[in-house]
Amino acid sequence: MYIESPQNTHVKNLVKLRDRKHRNRQDKFIIEGLREIEHAIESDYPVITLYYCPELFPSELHAQFLERLQNDSQLQLIRMHSSAFSKSSYREGPDGLIALSEAKDISLSTLKLKEDSTILVLEGIEKPGNLGAIIRSAEGAGVDAILMNNCLLDAYNPNAIRASQGIVFRLPIIHVESDYLCQWLKDHQFMSVATTPNTDNCYSKQSYTHRTALLMGSESHGLSEKWLNQADILINIPMKGYADSLNVSVATAICLYEINRQKSL
């Protein structure tokens with residue numbers, strides 16, 4: 001199949017899937033870029049269609065990747081004219097690859113927990129760039145899952161996927177309702193650790209030896225009173241300059257790597 005017109009129904013649907021409401025309705029999402037698509041396929045995401053434009057391939061690796069997929073009977077390959085692909089792409093300087101994938105069915109009941117598991121709970125995260133950066137740090141620090149609560153965006157946001165460099169597909173990421181999540185953490189014996197400037201307990205002086213749930217709040221408001229009140233421990237990151245706060249992705253990385261450091265001893 002070859003798509004030439006930017007008005008083609010495939011093109012229009014790819015544009016629609018940039019919006020969360022259409023992703024939710026179709027239970028599908030788009031992945032753009034070679035690295036990101038490879039992470040999805042290697043993580044057993046059900047990629048069902050690959051749109052490609054060889055004229056936009058920046059390297060031989062892209063052509064080799066396409067060639068490897070030629071014999072996959074479960075995958076539909078659709079070539080696009082550069083004008084149709086450019087309309088479908090949300091990136092500046094696209095690399096000629098867009099995949100259509102179905103969302104994975106992931107729930108708390110499917111999580112595989114260890115005695116010293118680390119879980120990251122994100123409340124009210126608003127910016128896809130921050131979410132993507134957080135996902136990369138979390139995966140690098142050995143987090144077992146990311147649980148999202150009352151967040152304005154989902155992990156399949158195209159910009160979040162891009163900011164994570166495809167690492168979003170390497171971790172279980174689950175949206176969970178507040179009360180259920182609070183009880184689940186207690187039932188599974190997690191120590192809930194909430195970040196807040198309103199404590200003198202430095203993050204690096206706290207002990208993290210057993211199951212730990214790090215709670216991080218939104219960029220603009222931090223954690224809600226509900227989560228601060230139910231937390232077992234409050235921690236802060238000392239600030240010595242004029243800045244009174246850090247970007248949420250930076251703060252998350254600092255805390256997660258200290259937790260990982262202690263559990264690796």
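Select from the stretch 116-141 the residues that are acidic (D, E) and modelled with pLDDT of 95 or more and list them in ascending order. Answer for the stretch 116-141, where residues must be acidic (D, E) and modelled with pLDDT of 95 or more: D116, E123, E139. When every residue of the stretch 226-238 is checked against the conditions, at least one turns out to be exposed (fewer than 12 other Cβ atoms within 10 Å of the Cβ), more than 27 Å from L153 (Cα to Cα), in the same structural domain as S137 (by TED's automatic domain parsing) and without any contact (Cβ under 8 Å) to a residue 60 or more places away in the chain. Selection within the stretch 193-209: residues that are among the hydrophobic types (A, V, I, L, M, F, W, C) and buried (at least 17 other Cβ atoms within 10 Å of the Cβ). The member of this set that is nearest to E225 (Cα to Cα) is A194. Answer with yes or no whether P172 is more than 18 Å from V121 (Cβ to Cβ) and either buried (at least 17 other Cβ atoms within 10 Å of the Cβ) or in contact with a strand residue (DSSP E or B) (Cβ under 8 Å, 6 or more places away or on another chain) (or both). No. Has the stretch 63-85 got any residue that is of a type in the set (D, E, K, R), in contact with a helix residue (DSSP H, G or I) (Cβ under 9 Å, 6 or more places away or on another chain) and either surrounded by 13 or more Cβ atoms within 10 Å (Cβ to Cβ) or closer than 29 Å to L153 by Cβ (or both)? Within the stretch 63-85, one or more residues are of a type in the set (D, E, K, R), in contact with a helix residue (DSSP H, G or I) (Cβ under 9 Å, 6 or more places away or on another chain) and either surrounded by 13 or more Cβ atoms within 10 Å (Cβ to Cβ) or closer than 29 Å to L153 by Cβ (or both). The criterion of at least 3 residues that are touching a residue at least 12 places away in the same chain (Cβ under 8 Å) and hydrophobic (A, V, I, L, M, F, W, C) is met, among strands (runs of 3 or more DSSP E) falling completely within the stretch 98-184, by 118-123, 145-149. Here is the figure for the stretch 1-26: residues that are part of a loop (DSSP other than H, G, I, E, B) and modelled with pLDDT of 95 or more total 8. Checked against (1) of a type in the set (S, T, N, Q); (2) in contact with a strand residue (DSSP E or B) (Cβ under 7 Å, 6 or more places away or on another chain); (3) at pLDDT below 95, N149 passes all but condition (3). Find the residue count for the stretch 210-265, including only residues that are in a strand (DSSP E or B), among the polar types (S, T, N, Q) and closer than 19 Å to N198 by Cα. Looking only at that region, the number is 2. Among the residues of the stretch 54-84, those identified as of a type in the set (A, V, I, L, M, F, W, C) and closer than 19 Å to D44 by Cβ are F65, L69, L75.
Among the criteria (1) within 26 Å of N150 (Cα to Cα); (2) modelled with pLDDT under 95, the one T209 does not fulfil is (1). Within the stretch 240-249, the set of residues being in contact (Cβ under 8 Å) with a residue 40 or more places away in the chain and more than 16 Å from M148 (Cβ to Cβ) comprises D244, S245, N247. Residues that are surrounded by 15 or more Cβ atoms within 10 Å (Cβ to Cβ), under 23 Å from the mean Cα position of the chain (by Cα) and of a type outside the set (D, E) were ranked within the stretch 38-62; the one that is farthest from N13 (Cα to Cα) is H39. In the stretch 178-188 there is at least one residue that is under 24 Å from R25 (Cα atoms), outside the structural domain of S89 (by TED's automatic domain parsing) and small (G, A, S).
The values are calculated or read from the model by the stated rules, or taken from the named source; none is laboratory data. These numbers come from a predicted model, not from an experiment. All Cβ positions, glycine included, derive from the backbone under ideal geometry; neighbour counts span all protein chains shown.
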